[in-house]
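First the structure, in the form of structure tokens, and then the observations on it.
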Amino acid sequence: MASHEYQITVFSPEGKLHQIEYAFKAIKSSTLTTVAIRGKDASVLVSQKKVDDLMMDPSTVTNIYTITPQIGCMVTGREADGRAWMMRLRQEAFEYLQDNGTTIPVDVLAMKGADIAQLYTQKSGMRAYGAELILCAFDLAKGPLLYKIDPAGHYIGFYACSSGMKEQEAQNELEKFFREKKGFGDADLTEIVKLAIVSLQNTLGQDFKSTDIEGGIVDQSRVFRKLATKDIE
């Protein structure tokens, strides 16, 4: 009688811990750096934009998406992972609208996004997302809001934050501006857009052309929109 050997895979919490470390490493090793700032009456997302091939249509290359008409999202890290995560948030936002008859608040959406990421750290058949998401919106009661979600399942509100290859350097630039201005609470839309672009330029040590970056804003109109090239110029 033939004998059969079976390979048994044992789930290891340490293995999942290493997987989370690899997810953060994937974000750090991405070729992009992103920054976001929340001001007096608006929030802004700014990201590098790299078109790797001359034959690519630049309008199809983006890291900034719309979750709902009111909520914007910026992806940093593995593009496919970030897009899949972003699509899950669109589904969550739609289901919330169907169940409650109103659009989902950005803090609730951030919590749901973090719950999804945390679930992926528990199941052996899943791996953590190799991306981070930054969400922005304008709340009538709270004003502009900014949330960052990481692969470990954390979601935190920020006045300004960064992500990607030179996250720490960009964070240092943002903290310097924050101390100089004693916060961003008095900065209007034009000022925070300029601060975000200057922070990114100082971090990377280069001047950008308008085609080298992309941005998105949400203000008191409560409608998220991407910045046109002329706006960036």
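The values are calculated or read from the model by the stated rules, or taken from the named source; none is laboratory data. Here the structure is a predicted model, which means the values were calculated and not measured. Cβ coordinates were reconstructed from backbone atoms using ideal geometry, including for glycine residues, and neighbour counts include every protein chain displayed. What goes into the accessible areas is simple: the full protein's heavy atoms, side chains included, and nothing from ligands, DNA or RNA. Shrake-Rupley method; radii C 1.70, N 1.55, O 1.52, S 1.80 Å.
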Does the range 199-230 hold any residues that are over 21 Å from ASP188 (Cα atoms) and either in a loop (DSSP other than H, G, I, E, B) or touching a His at 6+ places or on another chain (Cβ under 8 Å) (or both), and which are they? GLY205, GLN206, ASP207, PHE208, LYS209
Residues of the range 69-97 being under 21 Å from GLN220 (Cα atoms) and without any contact (Cβ under 8 Å) to a residue 60 or more places away in the chain, which ones? ALA93
Test result for GLU233, surrounded by 13 or more Cβ atoms within 10 Å (Cβ to Cβ), acidic (Asp, Glu) and more than 19 Å from the chain's Cα centre (by Cα): no
Identify the residue in the range 43-63 that is among the aliphatic types (A, V, I, L, M) and within 17 Å of the chain's Cα centre (by Cα) and, among all such residues, is most open to solvent (accessible area, probe 1.4 Å). VAL61
If a residue counts only when it is β-branched (Val, Ile, Thr), which helices (runs of 4 or more DSSP H) contained entirely in the range 70-189 have at least 1 such residues? 106-120
Among the residues of the range 202-217, is any touching a residue at least 40 places away in the same chain (Cβ under 8 Å), of a type outside the set (Asp, Glu) and farther than 21 Å from VAL75 by Cβ? no
How about the range 125-152: which of its residues are out of contact with any strand residue (DSSP E or B) (no Cβ under 6 Å at 6 or more places or on another chain) and either buried (at least 20 other Cβ atoms within 10 Å of the Cβ) or under 16 Å from SER47 (Cα atoms) (or both)? ALA128, TYR129, PRO151
I'm told TYR65 meets every condition in (1) in contact with a Cys (Cβ under 7 Å, 6 or more places away or on another chain); (2) in contact (Cβ under 8 Å) with a residue 24 or more places away in the chain except one. Can you identify the failing condition by its number? (2)
If you take the residues in the range 160-214 that are open to solvent by less than 20 Å² (accessible area, probe 1.4 Å) and among the β-branched types (Val, Ile, Thr), which one is nearest to LYS49 (Cα to Cα)? ILE213
From ALA110, ALA117, which residue is in contact with a Pro (Cβ under 6 Å, 6 or more places away or on another chain), of a type outside the set (Lys, Arg) and within 19 Å of ILE156 (Cα to Cα)? ALA117
